Structures are given as C-alpha cells and as structure tokens.
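J.: Attaching a single structure in structure tokens format; questions to follow.
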Amino acid sequence: MEIKGLVIQARKEFAEEHFGKDAWQKVLETLPPEDKKALCDLILTAKWYPFELGERLDRAIVNVLGEGREKFFEEIGAKSAQRSLMKVHKSFLAPGDPQAFLKKVDVMYKFYYDTGRREYTQTGPTSGVMTTYEAKTFSVPDCLTVLGWHKEALRMCGARNVDGVEEECRAKGGSCCRYRFKWNV
C-alpha cells in the first residue's frame, strides 16, 4: 500500500510550523538511512510513497516532538486537513453541510491511499459512521491521523462540538477501521 506525498509534506509542515525549522531535521535524524534519504529529497505531493515509510515517520514525529503521546497523531491529522482542504482538495469541503462532506469519503480516500475503500453511513442528522475496508496495511498512528483529519474537516464544514472515536481498528485486531462522528450545527 502507498500514500500520497501530500500526507508526508503535511507532516513536514506541521513539524516546522509548531516546533521550528530545525524540527524536521531532528525527526529525520532518528530514522533509518534509507528513510532519511527519501525524505531529505524534494517531497512530491502527487507521488506515491510506501505506507511503511509514512508509518515510521509518524512514529518518529511523535517520539521526537510529541513526547510519545499517541493523541499527538490526531493533531497531525487536523493540521493535514487544514493544509489539504484549504488548497489542493478544497472542492471536497461542503460549507454548512457536514453530511455532504462525509458522503464523499469514498472518493477522498482514493486521493490518499492506493488500496482499500472507505464508506460512510449517516446515522442521524448530525452523526454517522465511516468505515475503512480492505486496506493492505494499517496502523494505530494512521487511524488516529484519519480521526483528527475528519474531525477538523467537519469543523471546516461548519460543525461544532465535533466528537469522533474509532470504535474498531484493524491494528488492534478488528476486521475493519470504523469511526463514529457526531456534532452540533
């Protein structure tokens, strides 16, 4: 499985914006030489990168900058949503209509991952369940960034008091990755 360079670039920007220009280099120093080389070069946002590279990068960012706090991945996901949804994927936003936004998760998923699929089911006027199936690779860090990304995206669509939880996770033995969201309008 591969991820888009846009995901990696968002991580780099997050590190530099929140922890200073030298933060990215500090993170890279903790990675294996082949990862460091791949990430020292120009990161192409439209290029596909190995999922495992992104997973190792996420762990390094949390260990070096996030003091090992797993919740830190949600913050990374939120920043990634701000970056991508204010720029290249702005057309996915549905201002004033969070449900319309979530109904596009299947299309959005294909822009970030090359295998698997994602579905959304509305459970009420201000709630729903998003499920990822058949991804070849998965990890707790990736699931937490997905959670943070979608919570922030819902806020960007006008939702207030957004709550999101991962109810089932393949990285923790589940059959899929399932997220439940609710919010106020």
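J.: Name every residue in the range 115-131 that is more than 19 Å from Pro98 (Cβ to Cβ) and buried (at least 17 other Cβ atoms within 10 Å of the Cβ), in order of residue number.
T.: Residue satisfying the conditions is Gly116 alone.
J.: Additional query: Could you tell me whether Ala60 is buried (at least 18 other Cβ atoms within 10 Å of the Cβ) and touching an Asp or Glu at 6+ places or on another chain (Cβ under 7 Å)?
T.: No; evaluated as a whole, the condition is false for this residue.
J.: Let me ask something else. So which of Ala81, Ala100 is of a type outside the set (D, E, K, R) and within 18 Å of Phe14 (Cβ to Cβ)?
T.: Numbers: Ala100 fails: within 18 Å of Phe14 (Cβ to Cβ).
Checking each option against the conditions leaves just Ala81.
J.: Related question: Collect the residues in the range 45-69 that are basic (Lys, Arg) and assigned to a helix (DSSP H, G or I), keeping them in residue-number order.
T.: Matches in the range 45-69: Arg56, Arg59.
J.: Somewhere in the range 106-125, is a residue assigned to a helix (DSSP H, G or I), in contact with an Asp or Glu (Cβ under 7 Å, 6 or more places away or on another chain) and farther than 22 Å from Phe14 by Cβ? Talk me through it step by step, then tell me what you get.
T.: Narrowing the range 106-125 to residues assigned to a helix (DSSP H, G or I): 106-112.
Now narrow it down to the ones that are in contact with an Asp or Glu (Cβ under 7 Å, 6 or more places away or on another chain): 106.
Right, trim to farther than 22 Å from Phe14 by Cβ and you get 106.
Among the residues of the range 106-125, at least one is assigned to a helix (DSSP H, G or I), in contact with an Asp or Glu (Cβ under 7 Å, 6 or more places away or on another chain) and farther than 22 Å from Phe14 by Cβ, which makes the answer yes.
J.: For the range 67-105: of the residues being of a type in the set (Gly, Ala, Ser) and in contact with a Phe, Trp or Tyr (Cβ under 6 Å, 6 or more places away or on another chain), which is farthest from Glu119 (Cα to Cα)?
T.: Among residues in the range 67-105 that are of a type in the set (Gly, Ala, Ser) and in contact with a Phe, Trp or Tyr (Cβ under 6 Å, 6 or more places away or on another chain), the one farthest from Glu119 (Cα to Cα) is Ser80.
J.: Of everything in the range 102-114 that's of a type in the set (A, V, I, L, M, F, W, C) and buried (at least 16 other Cβ atoms within 10 Å of the Cβ), which residue is farthest from Pro50 (Cα to Cα)?
T.: Within the range 102-114, the subset of a type in the set (A, V, I, L, M, F, W, C) is 102, 105, 107-108, 111.
After this cut, where a residue has to be buried (at least 16 other Cβ atoms within 10 Å of the Cβ) as well, the list is 102, 105, 108.
Working: Leu102: 26, Val105: 22, Met108: 19 Å.
Top of the filtered list is Leu102.
J.: Restricting the search to the range 160-175, which residues are assigned to a loop (DSSP other than H, G, I, E, B) and surrounded by fewer than 18 Cβ atoms within 10 Å (Cβ to Cβ)?
T.: To start, the set of residues in the range 160-175 that are assigned to a loop (DSSP other than H, G, I, E, B) comprises 169, 173-175.
If the condition is that a residue be assigned to a loop (DSSP other than H, G, I, E, B) and surrounded by fewer than 18 Cβ atoms within 10 Å (Cβ to Cβ), then Gly173, Gly174, Ser175 are the ones that fit.
J.: Identify the residue in the range 87-101 that is assigned to a loop (DSSP other than H, G, I, E, B) and at pLDDT below 95 and, among all such residues, is surrounded by the fewest Cβ atoms within 10 Å (Cβ to Cβ). Before the answer, list the steps.
T.: Here is the first cut: in the range 87-101, the residues assigned to a loop (DSSP other than H, G, I, E, B) are 87-89, 93-97.
Now drop any that are not at pLDDT below 95, which leaves 87-89.
Values: Lys87: 10, Val88: 14, His89: 17.
Only one residue tops the list, namely Lys87.
J.: May I pose another question? Check whether at least one residue in the range 114-127 is touching a Cys at 6+ places or on another chain (Cβ under 7 Å) and assigned by TED's automatic domain parsing to the domain that holds Ala100, and report yes or no.
T.: no
The values are calculated or read from the model by the stated rules, or taken from the named source; none is laboratory data. What you see is a predicted model, and the numbers here were worked out from it, not measured in a lab. We place every Cβ from the backbone using ideal geometry, glycine too, and count neighbours over all the protein chains shown.
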